[in-house]
Structures are given as structure tokens and as C-alpha cells.
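The structure under discussion appears below in the form of C-alpha cells.
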Amino acid sequence: MKTLFYPRLAMNGIKKNKRLYLPYTVTCIAMVMMMYITTYLARSESIANTSRGVYAQWCLWLGIIVMSIFSLIFLFYSYSVLIKNRGKEFGIYNILGMNKRNIARILTLESAFTLIISLLGGLTSGILLSRLAELCMFRLLGIEPVGGLLVDPAAIAITAAVFAVITVILLLYSFVRIGRLSAIKLLHSEKEGEKPPRANFVFAIIGVLLLALAYYIAVTTPSGLEVISMFFIAVLLVIIGTYMLFVSGSVALCRLLMKNRKYYYKANHFVSVSGMTYRMKRNGAGLASICILSTMVLVMLSSTISLFSGIQTSTLVRSRDISVILKYDSNSESISRTLSDYCDTAFETAKAKNYNPVNPMSYDYLELGGYYSDNAIHLAPHSENGNNSSADIRDFYFITLDDYNKTTDMNETLSDGEILIATSDKTGSEISINDKKYKAKSVPMPKNISYGETIYSVFFVILPDNDALYDMFLLNKQVYGKNASWLNRYYGFDVDGNAADEQTLCEDISNTLAVKCRYSENILPSAEGRNENLDMLVATYGGLLFLGIFLGLVFVFATVLIIYYKQVSEGYEDRERYATMRSVGMTEKEIKKSINSQVLTVFFAPLIFAGIHLSFAFPIILKAVKMLGFADSTLLLVANLICFAVFALFYIFAYKITSGIYLKIIERK
């Protein structure tokens, strides 16, 4: 009998507090399920053995680390609310003679039961849905499904270990919290609100300034490596500023309204403003958490959906199925004839292999790294950058006017001393290249010329002819020495066949050209298929999209759980206050109007601020995804709008469900 005493108390504790334990356990089950599925896919041999699977699995392993960290954060918050709302129960146990060690024993058993239920439910669901998730992954990667439903013991062990560690951490927290409170404090702990920094105007102003600084960084940060570091700085400032604003700024605003006697001393304003002040002071941190989580969901889903949807427009994908790159370092007639001969050889090789080559296209270009500022292009190594900063670094593509017109179906002309420029930078009517001045005219970016826009912005310079291009090549040799770039002849065409056929043809062309140029040191040939890069992008972006969906679900579960606990906690805390209002003559209609005014304002403030955060984050997100070759800013904007609209509908649904629970608690006698 004594052996079953504590297990029975633990089970009764879970049953009596099912309003708190049920959503917590359901969330644990969902997170265990998603953790197992992610780990299973990251270890799946069926995916690893495909051409695109390796890249996708790297993304999934990253997701496992991120999911573990955020699962700990979300469950810690939920568990802290759960323990706080059970303080009265533990206080009664303490008064009736139980010491803190006995209470710790009950908590240990409750945590063990919750962990067992979560692992059994989550792993069972994960195993049953793992094959469906694997098929979705195959679909995203665009490859034929293989294998069948399997159980991965290692994935089970990893998932169980992660959540066992999280449970131990939460249990240790509960021991510390219960251990440091007396029985009297435990009895009244439910009425203790969160303890954020004291609300005052200084904190409110600091919060506004931090958000303004974060927005400024997001809008003004130029393209380049610093985008990543500045993005994380902006995120950190947004998190701190949001917490300060919700905790102190909201209370400061309410106090300003209270000082306005004409506004405050009205029946419909008096109760709602005073209630808002009390509510925001207690729950500012929780609402800030909802805002940050909502922003994370929106940023993650919109960016990953855009990347995956925009693969075909990525600058990293060649414009033709087969691309031959011929590097050369001379402008002689013999080299020119040899280059044309090599292009013809590649085309004839494809015909000989029965691939039916069509849509041939060729152009010459010189790719250089340098700096651009104040209408001046400065070609120089990084060690000699002078007054230029890393924000001024550009990837310069020099091409001829004939090639620009040919590849873009334009009919541009040039006068003496004039060049054309295509860039997103602001430019004037004159531009200098290493102190040599030219008249300049802006033109649209070329559409069919392949360029890999990744870290730095691309800047096209269109020169009059091949002689001018060769002069720029000589300047490049003078400036960069042994690190100078070669001239390039691009030759591409489309063929029939799948990715494997393209790869085979590329190998045949490479071998044929290697034999032809074995005695030449002035030409270096290479061939690549469009699907080769496409495979890598589909795998990487598909893995990121899958990860974005799963992490988005984790954040959504956390958001709903926080909203739910906020409503339940506030319902029990506000019940006595509204009972007092009834006793002094306030009607049910007035009470409901006051409740709706407060709850609507409080719980929709995070959604509004999440939309504001997302709007200001758009420029820096665009620069970040451009580093992955993404080129369609309109697609990213549309994805942002759609994701926000869908999330807002989901948020309204969650509010409707949880606000009903709050009203039931308030109306209970």
C-alpha cells in the first residue's frame, strides 16, 4: 500500500490538473513525433543514396539541433506556468505534513509518467508517419520513392535521450522553485504574476530605440558577408526591444491614458484601461514571447517557401541544359578560331550522341572582384582596398555590346567614350574605372547571361567591343598579378534527356575537348549540366523547406500553448476581480464588453507587432536569400503576404478557442 501511495498521488495530481497537463502533454507528444521524424529522415539510407539526399540531410541535422534547443525553451516556459498554478496544491501538502522531499518525489513520478506518455505517443505517431514524411521529402526533392516503412532504433534512442534530458532540467527547476518557497508562499504563488523589469518610461523609450536601431540595420545593411552577422544583431535587438516594449512600454502607455482624466474617467474606458495596465504588467513577457515566436514562424516559412519556389529563377542555375566554359588569355585570331572550333566540337558531340542539341548561345565575359562607390569602379585586391569598405565589394561582369544585345534581344548603341551599366546600385551619367572616366548609361540586367549572385551584388559593365574587353583583361592582369582572372567564352545549348543523360554528355564533351586542347596552355575547357546545379539547389532548398515547415510547427505549438496558458492563468486570476465588479453593480454586458476590449487588444498586439517586424525585416531577408542565388524579390514579397494572412487566420482561430475557455472560467460562480 505504501509503495503505491506516491504513484497514486502523482496520477491524481495529473488528473485533477488535466486542464494544465493535457495541452502540455499533447505538445510534448507532438514535439517528440517531429523530433523522431526529423532524426529518421536525417539518418534515412533511402534518402542518402540519392543524388540530392546528402545536401538535404545536412539541413535536417541542423534542424535537430535547433529543434532540441527550442523544445527546451518552449517546454520550460510551459512547465514553469504549470508549476506556478499548482503552488496552492503543494502548499496544502506541506501544511498537512509532507516535507519538500516528499513533494519532490511526487513531481518526479509525475514527470516520469508524462515523459513515458509523451515518448509512447510521440514515437508511435512518428513511426507511423515517418514513411509519409519520407515520401513528402522524396516529392520535394523530385526523385522517385524507394524503400518502405522502417523503424530506426538509433532515431528512437536520440529522441528519447533529448526529451529525457529536457525532463530532468525541468524537474530540477521545479525542485529549486518548490524548495525555496514556504508553505504560505506556495499557497499564494498562483496569484503572483510574472516578474519582468519594473515598468517605467525609461525602459519603454529604450525598447523603442532598440527596435528603431534593429529596423535601421535591417533596411540599410548592404549585401555581403556582413548580412549574416548584422541579421543576427538585428534579431537580438528585436527580441530585447520587443520584451522591453511589451513589459514596460504598454504599461507606460496605459499610465498616460490614466492621466488623461477626460478619457480615463468614462465607464467604458475606466475598467478596460485599468485592467489592461494590470494585465500587461503581469503578462508582458508572455505576450512578447508570442510576438517573437510568430515572427520566427513567418520569417522561416516565407523565406524557405520562396527559396524552393524560386529555384528555376535562381542565378546559380545555368540558362542552358549543357554549358561549356572555355577559359582563355589571348585576343589573337588563332585563339578566336580555336574557341569557335571547340564550341562546334561540343555541339557536334551532342549530335553524334543523338541528343538533338537546340538553342545554341555564346558570349564572352570577364569576371572580376572589386569595389564600387561614388560612381567609381576600383579594381584592386582586398589587401589594397584603400578607403573602400566591405559594403562596397561587387562582382563585376564585363561583356561586349554585341553579346549584350544578342542575349537580351535589345538594340542598344554606344557613342565614343561611353559604356552601359546594369546594376542595382545608384549611378550617375559618368563613371570611372580605375580613374579612367567614361560616359555611362543604365540598362536592364541581362536575363540570359548566367551569373552566380551569392555574397556580393553583381555589377555588369557593357563595353564597345572585344578589343575593349581585352584591354580590361590586361588591366586585370596588371592589378591582380598571379591572381588575375581569365577571359571566358560561354557556349550553351539545350538537349533532350534526363539529368543522368546530361551528366553523361558533359563527361563526353569534357573528354573530347581535353584531347583537343592537350597541347594548348592558352585554353582551359570545362562542361557542366544545368541539372547538376539544379540537383544541389533542389536538395538544399527542399531540405530547408522541410525543416522550415517542421520548425514552424514547433513554433506554432509553442505559440498556441503560451496563448492557452495565458488565458487559463488570467481566467483564474481575474475571476475574483470580476466577481467584485458584479457585486458593486456592473452588469454582465458591461463586463463582457470590458473583457473583449482587453483580450482583443492584448492578444492581437503580438500579431500586429509580428507583421511590423516582418515588414522591416524584408530587405535584410532578401539580401540573405540572395546569397543562396535567389533572384525573385516579388516572389519573396508575395510569400510574406500569404504566410502572414494564413498565420493571422490560424491566430484568430487559436484566439477564439482559448478566449472561450477564459470566459467560461470568468463566468463560473
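Each value in this text was obtained by applying a stated rule to the coordinates, not by laboratory testing. Everything quoted here is computed from the prediction, not taken from an experiment. Heads up, the Cβs are rebuilt from the backbone with ideal geometry, glycines too, and the neighbour counts pull from every protein chain shown.
I want to make sure I understand the PRE zone here: with the label point 7 angstrom from the Cα of D416 toward its beta carbon, which residues in region 469-503 have backbone N atoms less than 19 Å away? Inside the label zone: 469.
When peptides 35-46, 226-237 are sorted by average Cβ neighbour count within 10 Å, with the highest value leading, the order is 35-46, 226-237.
Between I65 and S432, take the C-beta separation as r, use R0 = 45 Å, and let me know the FRET efficiency to the nearest 0.05.
On the way: r = 48 Å, r/R0 = 1.08.
The value I calculate is 0.40.
Length gain on complete extension for the stretch L172 to R337, per 0.36 nm per residue less the alpha carbon to alpha carbon distance?
Details: separation 165, 0.36 × 165 = 59.40 nm, distance 7.75 nm.
Stretched fully, the L172-R337 segment lengthens by 51.7 nm.
DSSP loop (so not H, G, I, E, B), at most 16 other Cβ within 10 Å: list which GluC sites (Glu not before Pro) in region 406-475 pass both filters. Let's see the in-between values first.
Values: sites: E412, E418, E430, E453; in loops: E412, E453.
Those that pass, being in a loop and sparsely packed, are E412.
Legend: ranking of residues D321, D364 from fewest to most surrounding C-beta atoms inside 10 Å; resulting order D364, D321.
Using 30 Å as the Cα-Cα cut-off, could you pick out the over-long pairs in K406/K426; K516/K626; K482/K516? Could the numbers behind the result be given before it?
Values: K406/K426 26 Å; K516/K626 38 Å; K482/K516 26 Å.
Violating the 30 Å limit, Cα to Cα: K516/K626.
Of the chymotrypsin sites (Phe, Trp or Tyr not before Pro) in region 394-494, not one is in a loop by DSSP (not H, G, I, E or B) with at most 10 other beta carbons within 10 Å. Can you give the FRET efficiency to the nearest 0.05 for K656 and A212, using r as the Cβ-Cβ distance and R₀ = 35 Å? After rounding to 0.05, the efficiency reads 0.55. Compared with the direct C-alpha span, the chain from N483 to D501 gains 2.9 nm at full extension, assuming 0.36 nm per residue.
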